[in-house]
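Accompanying notes for the structure given below.
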Amino acid sequence: MNNLEIKHNELTADEFIYLWESVWDGAPAVEQVKLAMENSVFRVSVFDGEKIVAMARMIGDMGLCYYIKDVVVHPDYQKQGIGRELINELLDFIKSNGISGTQIFVELCAMPDKIPFYEKFGFSANEAQRLRIMLPVE
Ligand SMILES: CC(C)(COP(=O)(O)OP(=O)(O)OC[C@H]1O[C@@H](n2cnc3c(N)ncnc32)[C@H](O)[C@@H]1OP(=O)(O)O)[C@@H](O)C(=O)NCCC(=O)NCCS
């Protein structure tokens, strides 16, 4: 993490799409991403100088639950501890907000090969299955 800068709630739609396309196909439309950025409860981005190299964000209600989304470290910057830093930033936000003394439910969805990464932070799978639908917007 030497010389890298962490920013809160500054991740833009263009930066999001750039990082998405560095690891996945089928990036969503920029207008969709803009709306999603505006309505995320917390966004983290990591910069090497002017260049964005990692992002993560959460949706949530701050009282009861959060959902971690779009954790991406650019392939050129993986395996250097940046992913760990991203998750710690998200967990620190959760711990410093909400109602003191309570516990908050934090969820995410991970492909099997990424589960060991999240287990390092204490996440564990249960028997629940992920149900989903892609719903057309009218
Ligand atoms: C998953 C991802 C975010 C990890 O980021 P990273 O910067 O490479 O991870 P770090 O270097 O911070 O690794 C932190 C620890 O997790 C471990 N780790 C990282 N990826 C792992 C994996 N796939 N399986 C097992 N352990 C892993 C590292 O070895 C390290 O362990 P250590 O602290 O004991 O040495 C990154 O690989 C990525 O962006 N992948 C593509 C997008 C993606 O799949 N995101 C996850 C969506 S659910």
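The values are calculated or read from the model by the stated rules, or taken from the named source; none is laboratory data. Note that the structure is a prediction, hence the values are computed from the model and not measured. No Cβ is skipped: glycine too gets one built from the backbone with ideal geometry, and neighbour counts run over all protein chains shown. Just so you know, the surface numbers come from the protein's heavy atoms only, side chains and all, with ligands and any DNA or RNA stripped out. Shrake-Rupley method; radii C 1.70, N 1.55, O 1.52, S 1.80 Å.
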**OP:** Please go through region 1-33 and pick out each residue that is open to solvent by 50 Å² or more (accessible area, probe 1.4 Å), at pLDDT 95 or above and of a type in the set (S, T, N, Q).
**Re:** Asn9, Thr12, Gln32
**OP:** Kindly indicate the residue of region 82-119 that is of a type in the set (Asp, Glu) and more than 11 Å from the ligand (Cβ to nearest atom) and also least open to solvent (accessible area, probe 1.4 Å) among those meeting that condition.
**Re:** Glu89
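Restricting attention to region 34-58, and to residues there that are open to solvent by 60 Å² or more (accessible area, probe 1.4 Å) and under 15 Å from the mean Cα position of the chain (by Cα), which single residue is nearest to the ligand (Cβ to nearest atom)?
Step one: list which residues in region 34-58 are open to solvent by 60 Å² or more (accessible area, probe 1.4 Å), which gives 34-35, 38-39, 50-51.
This time we only want the ones that are under 15 Å from the mean Cα position of the chain (by Cα), so: 38-39.
Details: Glu38: 22, Asn39: 20 Å.
For region 34-58, the residue satisfying everything is Asn39.
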Subject >> Residue that is nearest to Tyr77 (Cα to Cα), among those in region 1-60 that are of a type in the set (Ser, Thr, Tyr) and in contact with a helix residue (DSSP H, G or I) (Cβ under 9 Å, 6 or more places away or on another chain) >> reply: Ser22
Original post:
Name the residues in region 59-81 that are among the hydrophobic types (A, V, I, L, M, F, W, C) and either open to solvent by 40 Å² or more (accessible area, probe 1.4 Å) or modelled with pLDDT under 95 (or both), would you?
Top reply: Ile59, Met62, Leu64, Cys65
Original post:
Is it the case that Val137 is within 22 Å of Glu15 (Cα to Cα) and among the β-branched types (Val, Ile, Thr)?
Top reply: no
